[in-house]
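Beneath this line is the structure, given in structure tokens, with notes to follow.
The values are calculated or read from the model by the stated rules, or taken from the named source; none is laboratory data. If you're wondering where the values come from, they're calculated on a predicted model, not measured in any experiment. Here the Cβ positions follow ideal geometry from the backbone for every residue, glycine too, while neighbour counts run over all protein chains shown.
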Amino acid sequence: MSNDLAVKNLAADYAEHFDFDFGDAGMVLTLQNDAPAELKQLIRELCGSVSPESLVKVYESLNAIAECDDIYQCEIDEKVCELTLFCKIARRVEQIAVS
């Protein structure tokens, strides 16, 4: 259970490194320049790039992990992030949290 808490805390910490930019084209999610290297690497390795679409998927996953009771039984909106990607993100956050 303590690992779950460490994973949830790390996910919440990572989620704080995202910003919402509101402009004429609507809202765009961005990653702060000072985001941890592990978070940037996670995004690149699991999503292929740090695109606005991949940032939304990672942000949705991190918030779901941070707010759930059991990190592997989270409610995830599969219209935002497919389940297989969510599971990969959850596993990677867990690996980072317990290392």
For residues that are touching a residue at least 60 places away in the same chain (Cβ under 8 Å) and closer than 20 Å to Cys47 by Cα, scanning just the range 84-99, find the one that is surrounded by the most Cβ atoms within 10 Å (Cβ to Cβ). Val93
Can you run down the residue pairs with Cβ atoms below 8 Å, 6 or more apart or on separate chains, where the first is in the range 59-76 and aromatic (Phe, Trp, Tyr) and the partner is assigned to a helix (DSSP H, G or I)? Tyr59/Ala15; Tyr72/Cys87; Tyr72/Ala90
I'd like the full set of residues that are of a type in the set (S, T, N, Q), out of contact with any Leu (no Cβ under 9 Å at 6 or more places or on another chain) and surrounded by 11 or more Cβ atoms within 10 Å (Cβ to Cβ), limited to the range 33-83. Gln41, Ser51, Asn63
Cβ-Cβ under 7 Å, sequence separation 6+ or interchain: first residue in the range 23-34 and outside any strand (DSSP E or B), partner of a type in the set (D, E, K, R) and modelled with pLDDT of 90 or more. Which pairs? Gln32/Asp19
